[in-house]
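Peer 1: Next up is a structure, given as structure tokens.
The values are calculated or read from the model by the stated rules, or taken from the named source; none is laboratory data. Values in this document were obtained by computation on a predicted structure and should not be read as measured data. Cβ coordinates were reconstructed from backbone atoms using ideal geometry, including for glycine residues, and neighbour counts include every protein chain displayed. Note: accessible area is taken over every heavy atom of the protein model, side chains too, but ligands, DNA and RNA are not part of it. Shrake-Rupley method; radii C 1.70, N 1.55, O 1.52, S 1.80 Å.
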Amino acid sequence: MAEAMRIEDYLAEGGVLTSPDNVPARYRGELMRLMASFVDSELAGAAGFAERINDAPGITARIAAARIVAEKTGHAGRVLEIMGEFGADTARYATRHPWAARVARDADLGQVRAGADMRLSVFHYPLTGWVDAVAMNVLMGLATEVQLLELSRVSYAPLAETFREIAPVEARHAALGLEGLRQIVATPSGRAKAQAALSYWWPKVAETFGRAGSERFGMLERLGLRHRPNETLLADWKAAAEAALGGLGLRIGGR
């Protein structure tokens, strides 16, 4: 117990760990939870987006969508490898849950995860066509950029490095989504559909940042697994979305 407390003090002071050896039980549990949420969200997100590939308007857009699906699945695989070092059954993980399963479109999950996996709640809602998929990809892509900036500072060094390598690829996904959205809003009907989709997805993506004033934040901060509170990350995402979407003349956040 004394050794575990010394390690936690070390983490609270900004120290990092580099292997599963001698990791305190609480740290291991929270690190596994963090990784599972990322892996499950990437797998569920890829599964949902894969179903919309054939809705894309042209071969170039289909290729881009297929690449996003493949890269997200690859990112899940990279983090899953690290989970395997902590004892996760990587051989059966990818088939353990129905990643394409979705709730009703009008369901309201809030921040609660549904089902047995650890995906963020936003990945439980269905995509209903190409415009809807692009709108969700833009908003969630911008959110992922903010979240990966935070995750790239976690105190488990191999995971932090992996997130730093994943981040520019995920940023490219958001950029591809913005380019697709720019083409969609070029027509009045496309703009109307895009605005409706953004209005639908905005609150659902916002929920992925968690509650303001989270009681868990302090504990995670002491373990070096979090550095900025939920409300700060949410504000960063809102600012990024306002800059990106405002430039296209689209309203955000119900405005």
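Peer 1: Does I53 satisfy the criteria of being among the aliphatic types (A, V, I, L, M), within 22 Å of A135 (Cα to Cα) and open to solvent by less than 30 Å² (accessible area, probe 1.4 Å)?
Peer 2: Values: among the aliphatic types (A, V, I, L, M): yes; within 22 Å of A135 (Cα to Cα): yes; open to solvent by less than 30 Å² (accessible area, probe 1.4 Å): no.
When the stated conditions are applied, I53 does not pass them.
Peer 1: Quick one: A65 ticks every box in (1) crowded, with 19+ Cβ neighbours inside 10 Å; (2) under 28 Å from V112 (Cβ atoms); (3) touching a helix residue (DSSP H, G or I) at 6+ places or on another chain (Cβ under 6 Å) bar one, so which box is it?
Peer 2: (2)
Peer 1: Take the stretch 209-225 and flag every residue that is open to solvent by 40 Å² or more (accessible area, probe 1.4 Å) and under 20 Å from the mean Cα position of the chain (by Cα). Show your work before the answer.
Peer 2: From the stretch 209-225, those open to solvent by 40 Å² or more (accessible area, probe 1.4 Å) are 211-213, 215-216, 221-222; that's our starting set.
Hits for the stretch 209-225 are R211, A212, R216, E221.
Peer 1: Can you work out which of the residues in the stretch 6-18 that are on the phi < 0 side of the Ramachandran plot and in contact (Cβ under 8 Å) with a residue 12 or more places away in the chain is most open to solvent (accessible area, probe 1.4 Å)?
Peer 2: Of the residues in the stretch 6-18, the ones on the phi < 0 side of the Ramachandran plot are 6-13, 15-18.
From the residues that got through so far, the ones that are in contact (Cβ under 8 Å) with a residue 12 or more places away in the chain too are 7-8, 11-12, 15-18.
Values: I7: 23, E8: 45, L11: 3, A12: 58, G15: 10, V16: 70, L17: 26, T18: 100 Å².
Out of the qualifying residues, it is T18.
Peer 1: Now a separate question. Filter the stretch 79-106 down to the residues that are basic (K, R) and either open to solvent by less than 90 Å² (accessible area, probe 1.4 Å) or under 17 Å from F123 (Cβ atoms) (or both), then identify the one that is modelled with the lowest pLDDT.
Peer 2: Going through the stretch 79-106, the residues basic (K, R) turn out to be 92, 96, 102, 105.
Keeping just the survivors that are either open to solvent by less than 90 Å² (accessible area, probe 1.4 Å) or under 17 Å from F123 (Cβ atoms) (or both) gives 96, 102, 105.
On the way: R96: 81, R102: 94, R105: 95.
Taking the candidates together, the pick is R96.
Peer 1: For the structure I just gave you, tell me whether T90 is among the hydroxyl-bearing types (S, T, Y) and in contact with a helix residue (DSSP H, G or I) (Cβ under 7 Å, 6 or more places away or on another chain). Spell out the reasoning first.
Peer 2: On the way: among the hydroxyl-bearing types (S, T, Y): yes; in contact with a helix residue (DSSP H, G or I) (Cβ under 7 Å, 6 or more places away or on another chain): yes.
Criteria met by T90.
Peer 1: In this structure, does V169 turn out to be closer than 13 Å to L139 by Cβ, in a helix (DSSP H, G or I), touching a residue at least 24 places away in the same chain (Cβ under 8 Å) and not polar (S, T, N, Q)? So that I can check it myself, show each step before the final result.
Peer 2: Working: closer than 13 Å to L139 by Cβ: no; in a helix (DSSP H, G or I): yes; touching a residue at least 24 places away in the same chain (Cβ under 8 Å): yes; not polar (S, T, N, Q): yes.
Answer is no for this residue.
Peer 1: Could you please find all residues in the stretch 36-50 being out of contact with any Lys or Arg (no Cβ under 8 Å at 6 or more places or on another chain), open to solvent by less than 20 Å² (accessible area, probe 1.4 Å) and of a type outside the set (V, I, T)? Even if it seems obvious, please write down each step before you answer.
Peer 2: Filtering the stretch 36-50 down to residues out of contact with any Lys or Arg (no Cβ under 8 Å at 6 or more places or on another chain) leaves 36, 38-39, 47, 50.
This time we only want the ones that are open to solvent by less than 20 Å² (accessible area, probe 1.4 Å), so: 36, 39.
A36, the sole residue that qualifies.
Peer 1: Taking the stretch 41-86 as the region of interest, how many residues are touching a residue at least 12 places away in the same chain (Cβ under 8 Å) and not in a helix (DSSP H, G or I)?
Peer 2: Final tally of qualifying residues: 5.
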